[in-house]
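See below for the structure under consideration.
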Amino acid sequence: MAATETVLRVPLGSLSQSCYLTSFFVNSTPNLSFKPVSRTKRVLRCSNSHEFARVPNSGVRGEGSFHSSDCALKGKKLVCKCQKHDVEENIRSTLLPPSDGLGCELKSDLDEKPLPVNGSVSSNGNVQSAGTKSIEDEAWDLLRQSVVFYCGNPIGTIAANDPNSTSVLNYDQVFIRDFIPSGIAFLLKGEYDIVRNFILYTLQLQSWEKTMDCHSPGQGLMPASFKVKTVPLDGDDSMTEEVLDPDFGEAAIGRVAPVDSGLWWIILLRAYGKCTGDLSVQERVDVQTGIKMILKLCLADGFDMFPTLLVTDGSCMIDRRMGIHGHPLEIQALFYSALVCAREMLTPEDGSDDLIRALNNRLVALNFHIREYYWLDLKKINEIYRYQTEEYSYDAVNKFNIYPDQIPSWLVDFMPNRGGYLIGNLQPAHMDFRFFSLGNLWSIVGSLASNEQSHAILDFIEAKWAELVADMPFKICYPAMEGEEWRIITGSDPKNTPWSYHNGGAWPTLLWQLTVASIKMGRPEIAEKAVELAERRIALDKWPEYYDTKRARFIGKQARLYQTWSIAGYLVAKLLLANPAAAKFLTSEEDSDLTNAFSCMISANPRRTRGPKKTQQPFIV
Ligand code: GLC
């Protein structure tokens, strides 16, 4: 490939920051100049000269004071140039909240810390934090304090805002997956700018050239996280640049590629359109291209025999080695949901027929595969228990050659008579029988699980409340790996010790997915119970990232406090329970075309129809 540096200049005249953003993204090729510079990197430079020291109101178009503004890709960063007198304001602007909501003036108090938290149950039964503030109000304050600004515009929320943490690691970055509940909370509150900005800026990051030790991952990859940096401008002492610095996994612990980022991005984009009624963002050419790039990456042919997405360990919320390489449920649930959302948003155009066909075929096959082979309940366990093995044939019942001895002893007593769930992973001769919450909950939300299965998953959660929720919702997976298994599968990871962190820890952020799922199935009381439980301690405990022990009794060993997605997850749960109809922005209903295609496949499946083969019915999607 030609070695070029791309310089994108966008002079915007005297436009406000908001106008600048709009113009920048609306014109996908404004004043582009390409000049060869380095062998592997592309550069986007964005510079602004501000006239006023104050960052303008980002919510009001036409106001503000930017006399010149140009943008450029630089290295692997998005750069925004500012004059020296704006430095202090811009450093603040990367972390401090507007005084009265987004799109308002920035606070000037640089020393602002998260509020002191003294949660207690008030006499009227409402859970309150310090003084008169309700937990919800406190959560909103904290969420606003986590907002990150880029050139004065809100573009995301940092992962954690823990003032006492000694090692920040990458928790000061905007994680794509962590922002989803923040974005939804803002959408539900009617504050749309931050979500729109997030969608459009991360889209710009998608096309970065990224490399790890000379290898470039696929073009549609979205970063795991990004950071806004303010750096001195080369050769001009009076100026600084704001830089968006993405991490595609090349700096992440373990160098894991964030497969879920692009999928969440599509899901949020669709929620934005549904919630605001503004379809102009999803219809933009650059956004349509972004969707297609993600789809192409996910739908690319490989060596795989299964319709599920093949990924490495740690490519999703569980971003460390936890034995979830292969076809983990979480990725499949997000993949399916993103395909459904993308199908809704793609505008028909010449040349996209093949992509749409591939997408439809994949939806049918994935739906069938998960519902048939990932489903587990008492009946299915008994079936596996009696499996024959080594069946060489096209109509094998035990297609994946699962040895019955794999059924773990904990499962036999654990599975309730009523209910079931989708297993964590399926590979040749391997079923991961662990229960993974996010995958199961999002399978309900996106209708990857059938209606019957969705209810059964909720039945299972209710039956196993003491194990999956106990003192704090919600276990990320169940059960924990211990002893030799932990040593071999996690590589003796001291963070993922039994019943801690990803290995059976409880993550309050999962409250929002539980809420969407239970509202979708008409069973909001499940989420209400979980929220009530969380409210007893979450603010008191300073909004931890996760809890440890079997019953989630301790704040996690290395858990951050004031973890943004714990705060936002709680807020989304509260907002949705107050307005259940809004859950529709996130859910997808069963598609009748898919159901028809699915039933054709079911009736052709040898597990259901041993014996002489019936003629296979063709289906049209
Ligand atoms: C941890 C979590 C990951 C999250 C990140 C930032 O690495 O495993 O899911 O995105 O922290 O909060």
Does Leu355 meet the test of being surrounded by 16 or more Cβ atoms within 10 Å (Cβ to Cβ) and under 21 Å from the mean Cα position of the chain (by Cα)? no
One residue is enough: does segment 477-489 have a residue meeting the conditions part of a loop (DSSP other than H, G, I, E, B) and not aliphatic (A, V, I, L, M)? yes
Can you pull out every residue in segment 389-428 that is within 30 Å of the chain's Cα centre (by Cα) and not aromatic (Phe, Trp, Tyr)? Leu411, Met415, Gly419, Gly420, Leu422, Ile423, Gly424, Asn425, Leu426, Gln427, Pro428
Does Met345 qualify as being within 16 Å of the ligand (Cβ to nearest atom), under 20 Å from the mean Cα position of the chain (by Cα) and not small (Gly, Ala, Ser)? no
Give segment 559-582 a look and list any residue that's open to solvent by 10 Å² or more (accessible area, probe 1.4 Å) and in a helix (DSSP H, G or I), or say none. Trp565, Lys574, Leu575, Leu577, Ala578, Pro580, Ala581
Among the candidates Leu339, Leu329, which residue alone is within 18 Å of the chain's Cα centre (by Cα), open to solvent by less than 40 Å² (accessible area, probe 1.4 Å) and under 30 Å from Glu482 (Cα atoms)? Leu329
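Of everything in segment 263-290 that's of a type outside the set (A, V, I, L, M, F, W, C) and in a loop (DSSP other than H, G, I, E, B), which residue is nearest to Leu188 (Cα to Cα)?
Gly277
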For segment 501-535, give me the residue count where each residue is in contact with a strand residue (DSSP E or B) (Cβ under 6 Å, 6 or more places away or on another chain) and either free of Cβ contacts under 8 Å to residues at least 24 places away in the same chain or open to solvent by 20 Å² or more (accessible area, probe 1.4 Å) (or both). 1
When you scan segment 203-224, do you find a residue that is closer than 11 Å to Ile176 by Cα, of a type outside the set (A, V, I, L, M) and not in a loop (DSSP other than H, G, I, E, B), even just one? no
Looking at segment 163-190, which of its residues are within 10 Å of the ligand (Cβ to nearest atom) and of a type in the set (Lys, Arg)? Arg177
Any chance Met293 is open to solvent by 10 Å² or more (accessible area, probe 1.4 Å), assigned to a helix (DSSP H, G or I), among the aliphatic types (A, V, I, L, M) and on the phi < 0 side of the Ramachandran plot: yes
State which residue pairs qualify: first residue away from the ligand (no atom under 16 Å from the Cβ) and inside segment 138-162, second residue of a type in the set (Val, Ile, Thr) and in a helix (DSSP H, G or I) in any location, beta carbons under 9 Å apart, and separation of 6 or more residues or different chains. Glu138/Ile567; Ala139/Ile567; Trp140/Ile567; Asn153/Ile194; Pro154/Ile194; Ile155/Ile194; Ile155/Thr202
Tally of residues being within 13 Å of Val259 (Cα to Cα) and open to solvent by 20 Å² or more (accessible area, probe 1.4 Å) across segment 306-319: 4
Top-ranked residue in segment 296-323 [being aliphatic (A, V, I, L, M), assigned to a loop (DSSP other than H, G, I, E, B) and within 17 Å of the chain's Cα centre (by Cα); ranked as nearest to the ligand (Cβ to nearest atom)]: Met317
Is it the case that Leu346 is out of contact with any Phe, Trp or Tyr (no Cβ under 9 Å at 6 or more places or on another chain) and closer than 13 Å to Leu422 by Cα? no
Residues of segment 464-506 that turn out to be among the hydroxyl-bearing types (Ser, Thr, Tyr) and either away from the ligand (no atom under 16 Å from the Cβ) or under 24 Å from Arg536 (Cα atoms) (or both), as a count: 4
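Every residue, every condition in (1) crowded, with 18+ Cβ neighbours inside 10 Å; (2) out of contact with any Phe, Trp or Tyr (no Cβ under 7 Å at 6 or more places or on another chain); (3) touching a residue at least 24 places away in the same chain (Cβ under 8 Å), yes or no:
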residue: Glu452; (1), (2), (3): no, yes, no
residue: Ala456; (1), (2), (3): yes, yes, yes
residue: Ile461; (1), (2), (3): yes, yes, yes
residue: Lys464; (1), (2), (3): yes, yes, yes
residue: Met472; (1), (2), (3): yes, no, yes
residue: Ala480; (1), (2), (3): yes, no, yes
residue: Glu485; (1), (2), (3): no, yes, no
residue: Thr490; (1), (2), (3): yes, yes, yes
Give me the pairs: first residue in segment 164-187 and closer than 19 Å to Tyr150 by Cβ and modelled with pLDDT under 85, second residue open to solvent by 10 Å² or more (accessible area, probe 1.4 Å) and hydrophobic (A, V, I, L, M, F, W, C), beta-carbon distance under 6 Å, and six or more apart or on different chains, which are they? none
Test for His369: is it within 16 Å of the ligand (Cβ to nearest atom) and either at pLDDT below 95 or surrounded by fewer than 23 Cβ atoms within 10 Å (Cβ to Cβ) (or both): no
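Give segment 188-200 a look and list any residue that's of a type in the set (Asp, Glu) and either open to solvent by less than 40 Å² (accessible area, probe 1.4 Å) or modelled with pLDDT under 95 (or both), or say none.
Glu191
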Is it true that some residue in segment 166-173 is of a type in the set (Gly, Ala, Ser) and open to solvent by less than 40 Å² (accessible area, probe 1.4 Å)? no
By residue number, the members of segment 246-269 that are of a type in the set (Gly, Ala, Ser), open to solvent by 10 Å² or more (accessible area, probe 1.4 Å) and at pLDDT 75 or above are Ala257
From the set of residues in segment 539-548 that are more than 22 Å from the chain's Cα centre (by Cα) and over 19 Å from Leu438 (Cα atoms), which is farthest from the ligand (Cβ to nearest atom)? Leu540
Please state which one of Leu205, Leu142, Leu187 is hydrophobic (A, V, I, L, M, F, W, C) and more than 19 Å from the chain's Cα centre (by Cα). Leu142
Filtering segment 553-593 down to residues that are small (Gly, Ala, Ser) and out of contact with any Pro (no Cβ under 8 Å at 6 or more places or on another chain), which residue is farthest from the ligand (Cβ to nearest atom)? Ser592
Right, Leu221: closer than 17 Å to Thr157 by Cα and within 17 Å of the chain's Cα centre (by Cα) or not? no
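The values are calculated or read from the model by the stated rules, or taken from the named source; none is laboratory data. All values derive from a computational prediction rather than experimental measurement. No Cβ is skipped: glycine too gets one built from the backbone with ideal geometry, and neighbour counts run over all protein chains shown. Protein only, heavy atoms only, side chains kept; ligands, DNA and RNA dropped before computing areas. Shrake-Rupley method; radii C 1.70, N 1.55, O 1.52, S 1.80 Å.
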